[in-house]
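Engineer: Quick one: structure below, then a few questions.
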Protein chains: 2
Amino acid sequence: MNDAQRHSSEAEGSTAFLTDMYELTMLDAAIKDGTAERDCIFEVFGRRLPNERRYGVVAGTERVLDAITKFRFTEDQLATADFLSPQCREYLANYRFSGQVDGYREGELYFPYSPIMTVRGTFAECVILETVILSILNSDSAVASAASRMVSAADGRPIIEMGSRRTNEQAAVASARATYIAGFNATSNMEASLRYGIPPSGTAAHSWTLLHVDDQGQPDEKAAFKAQIASLGLDTTLLVDTFDITKGVDNALEVAGTELGAVRIDSGDLGIVSRRVRKQLDAAGAFNTRIIVSSDLDEFAIAGLRGDPVDGFGVGTSVVTGSGAPTAGLVYKLVEVEGHAVAKRSSGKVTYGGGKSALRAYRSSGVAVAEIVHPLGADIRRKPNLEYREMTVPLIRDGEIVDNQPSIEEIRELHATARGTLPWEGLALSRGEVAIPTKFIGFPEPE
Amino acid sequence: MNDAQRHSSEAEGSTAFLTDMYELTMLDAAIKDGTAERDCIFEVFGRRLPNERRYGVVAGTERVLDAITKFRFTEDQLATADFLSPQCREYLANYRFSGQVDGYREGELYFPYSPIMTVRGTFAECVILETVILSILNSDSAVASAASRMVSAADGRPIIEMGSRRTNEQAAVASARATYIAGFNATSNMEASLRYGIPPSGTAAHSWTLLHVDDQGQPDEKAAFKAQIASLGLDTTLLVDTFDITKGVDNALEVAGTELGAVRIDSGDLGIVSRRVRKQLDAAGAFNTRIIVSSDLDEFAIAGLRGDPVDGFGVGTSVVTGSGAPTAGLVYKLVEVEGHAVAKRSSGKVTYGGGKSALRAYRSSGVAVAEIVHPLGADIRRKPNLEYREMTVPLIRDGEIVDNQPSIEEIRELHATARGTLPWEGLALSRGEVAIPTKFIGFPEPE
């Protein structure tokens, strides 16, 4: 460990250096040219959903709010930022966000151009939050969006998140949280269990079976199974594919009897193997012994097992890497300066300027039909045959997190409810149209 | 913030809960059945390179060694692990790794089955390190492996890492480090600069230009450019594509004159646009003004710009997400118990058991020809016409990090040297054969 590490910001709980250098140099230039105190609105949104998915899931909101309140510069950080003017460093030394944040509730669905989060305040106080806000929302939403599709594919069967080893060690903790919000049932990650109260879960590794060799170094799978049951009870899950699955199931039944909780299969064609193992278990009378499968499962593989006797899934790599979309592609754009709508006009990236709110419109049956994006504070004419829900809620007021933030269980519940309002085609796993259209109401046409 | 968060392990600097539950329950069962103290060897390796790449890059080693020394259980963690026996929790309360770690130097190339890291000790002390070791090596190596291909494609032109916003906020810091090891020249990430001494870098965002509206809300790009130059000097990089690139370059030249450091283009067909902008700059006499490009660049896009007048690249999303391979697919497998080689025998995943070391063989010209994997401690017959280098070096001895660990600059240098020994086809960006074959020498054939 070097000195720099000892002085890292992490130890002091500061999030202020999870930031790109250009935010600080822009701030410095703005302080010098007098634009730093201009009233601004920044907006977080995505221009499209990755991989032609039908919906995205907002995740990370609570972590963003926490990061904003911890956005305080330490002495080491200020010393490192020696490329800034003394005025700028003094500004940073006293920095605390005092503006307003509004946005979608965590767990909500989002669509292209949904104004997921809106940050209002001076240019100075808003611009330097860009990176940390996007880091959290992009990574957590990517994981939750993938996880939600898997939950939908699993059709009520439980999924354990076990992907920690496939992603950065801290990203693993946040990912476990994101998958739980999206409807996963448990996580293997102990820190996520401690920090967020997510139920921990686990089975055993192949190393457990391999550890049990006799004096000649010959494998003894039954010894491994016996020891696991002795420690964890009959309701445990035995991993049966270290050597030969059929023999492994035989050994499991011999050791545990028909009251064994579950077996896990981590290799092979899981459809074929699960059917064969089910027959084997049933033939032995182990009708209640569950079959848990893992091994490179994603939403498509899970859906492919819908007709097979699988009682639960362990999902790792694919969910923590967003199943082909490891980042949500959300951006943080300046949309309003001193009351004037502003927007970048490079071709292909035209966006509506101005602060925004959103409503979601539903049929009386409860099925969502459109995302209505409108200018902040505008009164939108509502159609009498539709029902509307305000998507945009206050999150931070004058720098303080608004009271009554939802618990992780409430977020999870909200997500399940929201997913239940999608039209059927919105749940399709295939590439295709977004589940509901985004409509802009009350904006001038862009030039 | 809830109580669980306040008590999170992060605040105490412990890495012990970046761990899967099953490691703890296996430990508990092993303590009860008397196998916990068996001498074991675990090995980190990858069965294949993702996306048919030609080589991988080992990254994260220093972070792993640091994580092992910080693997100490806190009171909160032990209280959370209430599913464990009192003996097991007492073991954890006193835990410190006292074994041996050997492995590839950080920055080295690796190939399928290269024994990147070998952990020796009791089953108890080794098994619980699995997740944190893999999390770090899988994520850092994925990023470094992608980054190295980009550096190779850039052919000497500098690359700035600017992907923090596209990945978890802590993964962003580790990713910046991994890209620097692989040859990137700078990072936008301030924490990475503070923690690891990586040169920070940055330009300006579109929000900077958009901030500069006049009283009527009309854009004033020149005001933005003037303020940036006033603050950062003429050598700064002006972002010229907020409205219209040709007009943006005109405005930049009008404000800065021909001594402007650089312009950045973040949209459009970068080949066409860079050629047009180069002509525009040259026609104005700004021969030394550099052109920096960004906008969804990956190794293929960078290579595609080889003939274009691009002086530097800003790379974000693709590198921090491993450019299509967000995890390296490394595994941590038990290979030896009490001197007996062990291996899982599920089909398709056959591996050689036993502790291993590796040599890399080179022609006298310095070009690598093979990865030689052999049993740990075995004396391998060397061919007289080849030169050999020991790939496996001691990293931890009796729980202590071996002295003289390389600095990040030394790691970066080592990587550049190693990449220089690849045969030409090993640098190809296309899918194909691994650059050099892995040969197993001195092992019995697997059954």
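Engineer: Normalised by the residues of the stretch A:162-305, what does the relative contact order come to in percent, with Cα pairs under 8 Å and at least six apart?
Structural biologist: That works out to 15 percent.
Engineer: Less than 13 Å Cβ to Cβ from A:Ser139, Lys/Arg counted +1 and Asp/Glu -1: what total charge do the surrounding residues give?
Structural biologist: +2
Engineer: Run lengths n ≥ 4 of DSSP H only: what is the helix-derived mean residue ellipticity at 222 nm for chain A, with -39500 (n - 2.57) per run over all residues, to the nearest 500?
Structural biologist: About -10000 deg cm²/dmol.
Engineer: Also: Taking a cut-off of 15 Å between Cα atoms, list the aspartates and glutamates near B:Lys279, but don't count ones fewer than 8 places away on the same chain.
Structural biologist: Excluding near neighbours in sequence, the set is B:Asp250, B:Asp308, B:Asp311.
Engineer: Give me the net charge of A:Leu376's neighbourhood, meaning all other residues with Cβ under 13 Å from the Cβ of A:Leu376; Lys, Arg count +1, Asp, Glu -1. Working shown, then result.
Structural biologist: On the way: positive: A:Arg120, A:Lys356; negative: A:Asp39, A:Glu43, A:Asp102, A:Glu336, A:Asp379, A:Glu390.
Result for the neighbourhood of A:Leu376: -4.
Engineer: Counting DSSP beta bridges in the stretch A:154-322, what percent are antiparallel, to the nearest 5?
Structural biologist: Numbers: 1 of 16 bridges.
Around 5 percent of the beta bridges assigned by DSSP in the stretch A:154-322 are antiparallel ones.
Engineer: Taking each residue in A:186-199, count the Cβ atoms of any other chain within 10 Å of its Cβ, then average. What number comes out?
Structural biologist: Details: counts 1, 2, 6, 7, 13, 13, 4, 6, 12, 11, 4, 4, 1, 1.
Neighbouring Cβ atoms belonging to other protein chains average 6 per residue here.
Engineer: What percentage of all Cα-Cα pairs in the protein assembly as shown are separated by more than 47 Å? Please report the intermediate quantities before stating the final value.
Structural biologist: On the way: 96823 of 399171 pairs.
Cα-Cα pairs in the protein assembly as shown separated by more than 47 Å: 24 percent.
Engineer: A further question follows. Taking the Cα centre of the stretch B:203-293 as the origin and placing charges on Cβ (Lys, Arg +1; Asp, Glu -1), which of B:Leu253, B:Gly233, B:Ala286 is farthest toward the positive end of the dipole?
Structural biologist: Looking along the dipole axis, the top candidate is B:Ala286.
Engineer: Among A:Thr179, A:Thr317, A:Ile265, flag the residue with its Cα farthest along the positive direction of the charge dipole of the stretch A:154-322, charges on Cβ as +1 for Lys/Arg and -1 for Asp/Glu.
Structural biologist: Toward the positive end, the furthest listed residue is A:Thr179.
Engineer: With unit charges on the beta carbons (Lys and Arg positive, Asp and Glu negative) and the dipole taken about the Cα centre of the protein assembly as shown, which residue among A:Phe243, A:Ser274, B:Gly56 sits farthest to the positive side?
Structural biologist: Toward the positive end, the furthest listed residue is A:Ser274.
Engineer: Checking an interface number: how much accessible area is buried between B and A, summed over both chains, with a 1.4 Å probe, in Å² rounded to 100? Write down the numbers at each step before the final one.
Structural biologist: Values: alone 20560 and 20520 Å², together 32360 Å².
Buried area between the two chains comes out at roughly 8700 Å².
Engineer: By how many degrees, 0 to 90 and rounded to 10, does the Cα axis of helix B:270-283 deviate from the longest principal axis of chain B?
Structural biologist: 40
Engineer: Then there's this: By the scheme Lys and Arg +1, Asp and Glu -1, what is the net charge of all other residues having a beta-carbon under 9 Å from that of B:Gly261? Could the numbers behind the result be given before it?
Structural biologist: Details: positive: B:Arg290; negative: B:Asp235, B:Glu259.
Counting the neighbours of B:Gly261, the net charge comes to -1.
Engineer: Same structure, new question: Between B:Arg48, B:Arg149, B:Arg345, which gets the highest mean-square fluctuation from a Gaussian network model of chain B, Cα cutoff 10 Å?
Structural biologist: Most flexible of the set in this elastic network: B:Arg345.
Engineer: To the nearest 20 Debye, how big is the dipole of the protein assembly as shown about its Cα centre, given +1 on the beta carbon of each Lys and Arg and -1 on that of each Asp and Glu? Each step should come with its number before you reach the end.
Structural biologist: Numbers: 92 positive and 122 negative charges, 477 e Å.
Here the protein assembly as shown has a charge dipole of around 2300 debye.
Engineer: Can you send over the solvent-accessible area of A:Arg38, 1.4 Å probe, protein chains only, in Å² to the nearest 10?
Structural biologist: Spelled out: A:Arg38, probe radius 1.4 Å, area about 60 Å².
Engineer: Express as a percent, rounded to the nearest 5, the fraction of DSSP beta bridges in the stretch B:203-293 (both residues included) that run antiparallel. Intermediate values should be presented prior to the final figure.
Structural biologist: Values: 1 of 8 bridges.
Antiparallel bridges: around 10 percent, rounded to the nearest 5.
Engineer: How high is the relative contact order of chain A, in percent, counting Cα pairs under 8 Å that sit 6 or more residues apart?
Structural biologist: On the way: 899 pairs, mean separation 98.3, N = 447.
That works out to 22 percent.
Engineer: Equivalent ellipsoid semi-axes for the stretch B:203-293, as square roots of 5 times the alpha carbon gyration tensor eigenvalues: give them largest first, rounded to whole Å.
Structural biologist: Values: eigenvalues 80, 44, 25 Å².
Taking √(5λ) for each eigenvalue gives 20, 15, 11 Å, largest first.
Engineer: On C-alpha positions alone, give me the angle between the axis of helix B:245-256 and the longest principal axis of chain B, in degrees, nearest 10.
Structural biologist: So the inclination is approximately 80 degrees.
Engineer: To the nearest whole number, what is the average tally of beta carbon atoms from other chains within 10 Å of the beta carbons of peptide A:327-338?
Structural biologist: Numbers: counts 11, 1, 3, 2, 2, 3, 4, 7, 2, 3, 7, 4.
Taking the mean over all residues of the peptide, I get 4.
Engineer: Here is the link list: A:Lys222/B:Lys344; B:Lys344/B:Lys383; A:Lys344/A:Lys383. Which ones come out longer than 22 Å on Cα distance?
Structural biologist: Working: A:Lys222/B:Lys344 15 Å; B:Lys344/B:Lys383 32 Å; A:Lys344/A:Lys383 32 Å.
The pairs that break the limit, which is 22 Å between Cα atoms, are B:Lys344/B:Lys383; A:Lys344/A:Lys383.
Engineer: Restricting to the protein assembly as shown, what percent of DSSP beta bridges are antiparallel, rounded to 5?
Structural biologist: Numbers: 80 of 116 bridges.
Counting only bridges with both partners in the protein assembly as shown, antiparallel ones make up about 70 percent.
Engineer: Okay, next question. To the nearest whole number, what is the average tally of beta carbon atoms from other chains within 10 Å of the beta carbons of peptide B:404-410?
Structural biologist: Numbers: counts 0, 2, 0, 1, 2, 0, 0.
Mean partner-chain Cβ count within 10 Å for B:404-410: 1.
Engineer: Determine the alpha carbon to alpha carbon distance for each of A:Lys32/A:Lys333; A:Lys333/B:Lys70; B:Lys333/B:Lys439; A:Lys70/A:Lys439 and list only those over 28 Å. Mind showing how you got there, number by number?
Structural biologist: Values: A:Lys32/A:Lys333 22 Å; A:Lys333/B:Lys70 39 Å; B:Lys333/B:Lys439 19 Å; A:Lys70/A:Lys439 36 Å.
Violating the 28 Å Cα-Cα cut-off are A:Lys333/B:Lys70; A:Lys70/A:Lys439.
Engineer: How do the peptides B:323-335, A:162-174, B:407-419 rank, highest first, by the average count of neighbouring beta carbon atoms within 10 Å per residue? Kindly include the intermediate steps, with their values, before the conclusion.
Structural biologist: On the way: B:323-335: 23.0, A:162-174: 29.0, B:407-419: 17.5.
Ranked from most to least packed, the peptides come out as A:162-174, B:323-335, B:407-419.
Engineer: Now for a separate question. What accessible area per residue comes out for the stretch B:314-392, rounded to a whole number of Å², with a 1.4 Å probe?
Structural biologist: Counting only protein heavy atoms, the per-residue value for the stretch B:314-392 is 41 Å².
Engineer: Where the accessible area of the stretch B:261-375 is counted over protein heavy atoms with a 1.4 Å probe, how much of it, in %, is carbon and sulfur?
Structural biologist: Values: 1990 of 3970 Å².
Using a 1.4 Å probe with all protein chains present, the stretch B:261-375 comes out at 50 percent carbon and sulfur.
Engineer: Sticking with this one: For the peptides B:110-119, B:127-136, what is the packing order when you average, over each peptide's residues, the other Cβ atoms within 10 Å and list the highest mean first? Can you show the working numbers first?
Structural biologist: Values: B:110-119: 23.9, B:127-136: 26.6.
Averaged packing, sorted descending, gives the order B:127-136, B:110-119.
The values are calculated or read from the model by the stated rules, or taken from the named source; none is laboratory data. Quick caveat: nothing in here was measured; it's all calculated off a predicted structure. A quick note on method: Cβ atoms are made from the backbone with ideal geometry, for glycine too, and the neighbour counts reach across all protein chains shown. With ligands, DNA and RNA removed, areas are computed over all heavy atoms of the protein, side chains included. Shrake-Rupley method; radii C 1.70, N 1.55, O 1.52, S 1.80 Å.
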